[in-house]
Amino acid sequence: MEQTKVVLADHEIPRQWYNIQADLPKPMSPPLHPGTGKPVGPDDLAPIFPMNLIEQEVSQERWIDIPGEVLDKYLLWRPSPLCRARNFEKLLDAPVKIYYKNEGTSPAGSHKPNTAIAQAYYNKAFGVKRLSTETGAGQWGSALAMACKMFGLECRVFMVRVSYEQKPYRRMMMNTWGAECIPSPSDRTESGRQVLAEHPDSPGSLGIAISEAVEDAVAGGKDSRYSLGSVLNHVLLHQTIIGLEAQKQFEKIGIYPDVVIGCAGGGSNFAGIALPYVRDKIHGKQVRVVGAEPTSCPTMTRGPFAYDFGDLAKKTPFLAMYTLGHNYVPAPIHAGGLRYHGMAPIVSHLLREGLIEATAYDQIETFEAGVQWARTEGFIPAPETNHAIAAVVAEARRAKEEGKERTILFNFSGHGMVDMAAYDAYLSGKLIPYQLPDEEIARALKAIEGFPKP
Ligand SMILES: *Cc1c(COP(=O)(O)O)cnc(C)c1O
């Protein structure tokens, strides 16, 4: 009988992360200092991130050792299982084998602890005592809260106010792991006070929360730093453990996938499963790599590739990426983790170079796919993950039409047990389809007018 779950033993866990910068056929456009227009140097980032993570951000080394203390924590749930979705295959009735890497088995319920653990470790090693961050729906805040507690760091999370009030469970998780969770905008920072002065009832936004977290980290001086849960090179690096494990697992059963799929918000879980396969592709292997995003926030499928800011308050360097403009406020879809105006520079570069593909789905079709998954495979996926499952359904349909067999691998980025209100909205017919209007693309182009060109 063919294997349903491929599980690695503790001692088989990969000991290094993979840095794709060493293998890129064409180098990436560097981040630029908005004041000088010159590439940013490590010193520009030093007030915000610890130097050991800045070194990883700019590293050209192909393999980077995973510290023993990080591996010890990874082993609490890693290596994560690689599973065959036979019941879902049967439902789709197409000539496909579907495998998924289950990142929903982590303590916080998603892939995010893979980088939260690493970031907490490196900050601790650098002598930092407190981390500040922002969170939308709370997935990143809860992952970092857990990681900070494990390494004895204080953790302060600025959570978008509307989520703080409407989605209390992830705040409770943060509190359980000992973090302080503050609704944003708050009166703790200048940025927050400014917004409150103008809009006392502001529901908040990710852009405001980022500005508050960065300001709070910098105000804390040498003992405190900021932490980001996606987008940046070092975050994607930490997530490559997912794809590296998958490759080892597939080797055990003598299979190589034809298509690799992930959902993409800032791009970290997609890159995590995809980058080791993109490496093979660069070296001549036949494999397709597909990122799935929401039609309401179609960064890769409709945005321009341009230099833009990573946040609303323009506190970050210019990043070369697909973007809908730093002032874009995405529709309030339930996949909160995919509501980001930009895309990781590494993922953007690969798309521009034709090494990966992008596709977009409406939230209704993603929940359709997710509910079909839950009713066959059991696990209830996170709303973000449903985008990857919708892409799997589309691949299966194509395989059936073409009468061609294929093996699909996708990243099950997280479970949806804290997102049941979203399923309730879908099941009671209250979900609304969102397509980005064309005027929004014109607005995005206006937002980046006059910026340097990559
Ligand atoms: C945060 C999150 C995402 C989106 O973030 P990426 O950085 O694009 O991976 C996707 N799925 C889940 C379950 C998440 O929590």
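Numbers for the structure displayed
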item	result
Matching residues in region 1-38 - criterion: being of a type in the set (Gly, Ala, Ser) and farther than 30 Å from LEU312 by Cα	ALA9, ALA22
In region 168-202, residue modelled with the lowest pLDDT [restricted to those that are surrounded by fewer than 18 Cβ atoms within 10 Å (Cβ to Cβ) and within 23 Å of the chain's Cα centre (by Cα)]	PRO168
Which listed residue is in contact (Cβ under 8 Å) with a residue 40 or more places away in the chain, within 18 Å of ILE242 (Cβ to Cβ), within 16 Å of the ligand (Cβ to nearest atom) and surrounded by 23 or more Cβ atoms within 10 Å (Cβ to Cβ), from ALA85, ALA116	ALA116
Residue identified as surrounded by 20 or more Cβ atoms within 10 Å (Cβ to Cβ) and touching a Lys or Arg at 6+ places or on another chain (Cβ under 9 Å) among PRO31, PRO50	PRO50
Number of positions in region 422-445 that are within 16 Å of the ligand (Cβ to nearest atom) and loosely packed, with under 12 Cβ neighbours inside 10 Å	0
Count - residues of region 394-415 that are under 16 Å from PHE88 (Cβ atoms) and crowded, with 24+ Cβ neighbours inside 10 Å	5
Lone qualifier among ALA292, ALA274 - being in contact (Cβ under 8 Å) with a residue 12 or more places away in the chain, assigned to a strand (DSSP E or B) and either crowded, with 24+ Cβ neighbours inside 10 Å or away from the ligand (no atom under 16 Å from the Cβ) (or both)	ALA292
Condition check for ALA264: within 14 Å of the ligand (Cβ to nearest atom), farther than 26 Å from LEU75 by Cβ and among the small types (Gly, Ala, Ser)	yes
Residues within region 130-162 that are within 13 Å of the ligand (Cβ to nearest atom) and not in a strand (DSSP E or B), tallied	9
Residues satisfying the stated conditions in region 313-326, i.e. in a strand (DSSP E or B) and among the small types (Gly, Ala, Ser)	ALA320
Total residues in region 110-129, condition part of a loop (DSSP other than H, G, I, E, B) and within 23 Å of GLY152 (Cβ to Cβ)	5
Which listed residue, of GLU198, GLU245, is in contact with an Asp or Glu (Cβ under 9 Å, 6 or more places away or on another chain) and away from the ligand (no atom under 14 Å from the Cβ)	GLU245
Region 321-376, subset among the charged types (D, E, K, R) and surrounded by fewer than 22 Cβ atoms within 10 Å (Cβ to Cβ), residue nearest to ASP438 (Cα to Cα)	ASP362
Options VAL214, VAL218; residue that is more than 22 Å from ASP280 (Cα to Cα), in contact with a Phe, Trp or Tyr (Cβ under 7 Å, 6 or more places away or on another chain) and away from the ligand (no atom under 16 Å from the Cβ)	VAL214
Elements of type helices (runs of 4 or more DSSP H) in region 327-405, at least 3 residues being without any contact (Cβ under 8 Å) to a residue 60 or more places away in the chain and touching a Cys at 6+ places or on another chain (Cβ under 6 Å)	none
Residues satisfying the stated conditions in region 319-332, i.e. at pLDDT below 95 and touching a Phe, Trp or Tyr at 6+ places or on another chain (Cβ under 6 Å)	HIS326, ALA331
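Yes/no per residue for (1) within 14 Å of the ligand (Cβ to nearest atom); (2) among the small types (Gly, Ala, Ser):
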residue	(1), (2)
PHE318	no, no
ILE333	yes, no
GLY336	yes, yes
LEU355	no, no
PRO383	yes, no
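The values are calculated or read from the model by the stated rules, or taken from the named source; none is laboratory data. Bear in mind the structure is a predicted one, so any value in this text is a computation, not a measurement. Don't worry about glycine lacking a Cβ; one is built from the backbone with ideal geometry, like all the others, and counts go over all protein chains shown.
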